[in-house]
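A short worksheet on the structure shown next.
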Amino acid sequence: VTKPGASPKNKMFMLFGEHARELISPESALHFLQTLCGETSVKPGNVLDNTEFQIVLNGNPNSRKKVEGGDYCLRVNQNGVDLNRNWDEKWDGSSAFGGPDTNPGSAPFSESETQIFRDLVTDYGPSTFLTVHSGTMGMYMPWAYDMEHLATRNNKNMRELLVNLDKQYCQCPYGAAGKEVGYSCPGTCLDYVYDKLNCSYSFAFEIYTGHMYRDDLKSRWEEKMADEKTALLQSNATLAHAGYGDLFRKHPSDFIQVSEEQSENLRHARNAMECFSQFNPVDQMDFQQTVENWSNAYLDMANEIAAKM
């Protein structure tokens, strides 16, 4: 998406719908595309003067059809592979990372979907990368594969952006993905694009969880942030701390889900509609509020990054 005659400084690649059950992710993409074209109540302003966009609207279309048919807990592609474990960044083919929901595939880029993603993002050469998920609320930066270290290149600018966006749009956990939730997650697009393509800004957002999960997540997060010591930890994007352990155990990330127990709980301990309501809005008001909120967040993100370039 480009504006004729513009000379944008920021090239933003956005990947939606890697996980089939996260229906709200592609719906958020569609609303954002409509926003850029001036077809929603969200005003795009002059974002296209300084940023151009390449958007993958629905990254897992075959499995999405199954979800639309009622298989609301389905995460993987038609081959049973988690597309967010199939990238060639610290890829690990062992089964130690969880059950079928996190199957990394037979080799890096074994899947047609990730091959297409790789070729698109490589040819585009973005300055900003964002992948969008649901199942909880969170905003992540590299690294996902490493629980011990934060990404160093452009760390300050990425962290400042997350702090600013969190205040207005999420009020949720944010920081380095692996360090934040205490899981090592190899093979993600987040780390690949940042490392292999030298992308300056690389993020993963989790934009929705149901009200029964969200309200508790937010209240517990506010309790953590009210504590001076844990607030200091947050300001440094260093969340691998005992004080956050209970929060992340109760509200695990779906972007970097690795626990076999977590996968089994979703498949067996919940019925289909419980899965649906964790990952997606169930009424029009909630849906509209979600897509409008995040379209505004994507716009602010693009504008803030462009202003720094």
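The values are calculated or read from the model by the stated rules, or taken from the named source; none is laboratory data. Note that the structure is a prediction, hence the values are computed from the model and not measured. Using ideal geometry, Cβ is built from the backbone for each residue, glycine included, and neighbour counts are taken over all protein chains shown. Quick note on the areas: whole protein, heavy atoms, side chains included, nothing else; ligands and nucleic acids left out. Shrake-Rupley method; radii C 1.70, N 1.55, O 1.52, S 1.80 Å.
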In nm, give the distance between the simple-model label positions of C37 and Q78, each being 7 Å from the Cα along the Cα-to-Cβ direction. 2.7
What's the carbon and sulfur percent of the range 76-161's accessible surface, probe 1.4 angstrom, rounded to a whole number? 51
Show me, for the range 166-177, the HN-Hα J-couplings you get by feeding each phi into the Karplus relation (A = 6.51, B = -1.76, C = 1.60, θ = phi - 60°), rounded to Hz, glycine and proline as x. 4, 4, 9, 10, 10, 6, 9, x, 8, x, 5, 4
Would you mind checking K3/K43; K90/K218; K9/K156 for any pair whose Cα atoms are more than 23 angstrom apart? K90/K218
Set the Förster distance to 41 Å, then compute FRET efficiency between K3 and D216 from the Cβ-Cβ distance, nearest 0.05. 0.45
Place a +1 charge on the Cβ of each Lys and Arg in the range 107-155 and a -1 charge on the Cβ of each Asp and Glu, then give the dipole magnitude about the Cα centre in debye, rounded to the nearest 20. 160
Tell me the net charge near L36. Cut-off is 13 Å between Cβ atoms, L36 excluded, with +1 for each Lys or Arg and -1 for each Asp or Glu. -1
Cα gyration tensor shape of the range 37-95, rounded if a/c is under 1.5, else prolate or oblate by comparing a/b with b/c: oblate
Could you tally the net charge around A302, taking each other residue with its Cβ under 12 Å from the Cβ of A302, Lys/Arg +1 and Asp/Glu -1? -1
Y208's amide H: which non-local residues (gap 5+, or another chain) put their own amide H closer than 5 Å, with H modeled 1.01 Å from N in plane and none for Pro or chain starts? G135, T136
Keeping all protein chains in place, calculate the accessible area per residue for the range 1-85 (probe 1.4 angstrom), answer in Å². 39
